[in-house]
Amino acid sequence: MRVLIVEDEPRLAENLARSLRETASYAVDIANDGEAGLEMAQQNPYDLIVLDLMLPKLEGGEVLRQLRSEKVATPVLILTAREDKASVVALLNSGADDYVAKPFDLGEFLARVKALIRRGKGQATPLLTVADLEINTLERRVQRRGVEVVLTPMEYRVLEYLAHRPRVVVSKSELLEHLYDYNWEKFSNVIEVYISGLRRKLDNDHPVKLIHTLRGHGYSLSAEPAAGEQV
Ligand code: CA
């Protein structure tokens with residue numbers, strides 16, 4: 001998953017980014033003012049935007065209104081000062097998805113981020129299942145047939161992304177855009193490495209294969225072979 005943080009206070013932005021990278025394995029970009037945030041949100045396919053309200057150059061509320069008027073549907077979590085309750089109601093009405101009031105607890109922030117990303121992908125619970133594969137997105141634990149599978153952080157990121165949309169063929173460039181920050185182009189040949197790691201760890205000992213490759217199109221996670229699949 002890839003998150004944009006639009007926050008002008010550098011230490012807060014860095015703390016939030018670090019906790020998302022370390023505890024959730026998300027890729028994170030930071031914008032330090034409203035204009036930069038709007039531009040980045042228009043250009044990149046984020047899974048969530050964390051948006052401060054009081055920002056230099058362009059206020060958070062204006063960033064939100066502009067994105068929603070351009071039909072950018074990415075979930076938005078507002079960061080606000082505690083005394084700003086009235087404007088929060090207006091923002092929720094104009095397309096924000098949730099908010100946290102400063103100062104907030106990092107654990108609460110992370111829980112809200114994960115819930116919004118989940119709901120943005122149409123998942124109601126933190127437990128993702130595909131056939132006999134179970135992914136606990138809160139604990140980042142993976143089991144197949146009840147047996148724990150140990151993945152590297154990047155293998156996990158790829159698997160979780162695929163598992164949010166089972167059976168859908170996800171292109172390599174979509175994976176790269178959602179799993180890395182703005183430097184993603186230089187990682188373009190490593191996705192195959194993670195896919196083969198996943199295949200070895202998840203599929204090798206099982207007759208039903210879950211990881212599928214459609215050459216030139218992408219990858220999918222499903223108990224059914226994909227149409228046109230190369231084996
Ligand atoms: Ca601010």
Inset, instruction - Search the range 8-20 for residues that are at negative phi and pair each with any residue that is away from the ligand (no atom under 12 Å from the Cβ) when their beta-carbon atoms are under 6 Å apart and the residues are at least 6 apart or on different chains. - result: A13/I30; A17/V28; A17/I30; S19/L106; L20/V3; L20/Y26; L20/V28
Legend entry - Any pair with Cβ under 8 angstrom, 6 or more apart, that starts in the range 147-170 at a residue that is of a type in the set (D, E) and ends at one that is in a strand (DSSP E or B): E148/R141; E148/V142; E160/L128; E160/I135
Inset, instruction - Please specify each residue of the range 135-179 satisfying the condition of being of a type in the set (S, T, Y) and buried (at least 18 other Cβ atoms within 10 Å of the Cβ). - result: T137, Y156, Y161
Inset, instruction - Answer yes if at least one residue in the range 94-105 is buried (at least 18 other Cβ atoms within 10 Å of the Cβ) and either assigned by TED's automatic domain parsing to the domain that holds L179 or more than 16 Å from the ligand (Cβ to nearest atom) (or both), and no otherwise. - result: yes
Inset, instruction - Tell me, please, whether a residue that is surrounded by 17 or more Cβ atoms within 10 Å (Cβ to Cβ) and among the β-branched types (V, I, T) can be found in the range 202-210. - result: no
Inset, instruction - Those residues that are under 23 Å from R21 (Cβ atoms) and hydroxyl-bearing (S, T, Y), I need them from the range 47-93; list them, please. - result: T74
Inset, instruction - With the checklist (1) of a type in the set (D, E); (2) at pLDDT below 90; (3) surrounded by fewer than 14 Cβ atoms within 10 Å (Cβ to Cβ) in hand, flag the one item D84 doesn't pass. - result: (3)
Inset, instruction - Keeping to the range 18-57, report how many residues are in contact with a Phe, Trp or Tyr (Cβ under 6 Å, 6 or more places away or on another chain) and closer than 24 Å to D84 by Cβ. - result: 1
Inset, instruction - Kindly establish whether L151 is closer than 19 Å to V28 by Cα, in contact with a strand residue (DSSP E or B) (Cβ under 8 Å, 6 or more places away or on another chain) and at pLDDT 90 or above. - result: no
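Counting only residues that are assigned to a loop (DSSP other than H, G, I, E, B) and within 15 Å of the chain's Cα centre (by Cα), which one in the range 19-68 is nearest to the ligand (Cβ to nearest atom)?
Y46
The values are calculated or read from the model by the stated rules, or taken from the named source; none is laboratory data. Bear in mind the structure is a predicted one, so any value in this text is a computation, not a measurement. Note: ideal-geometry Cβ built from the backbone for every residue, glycine included; neighbour counts use all protein chains shown.
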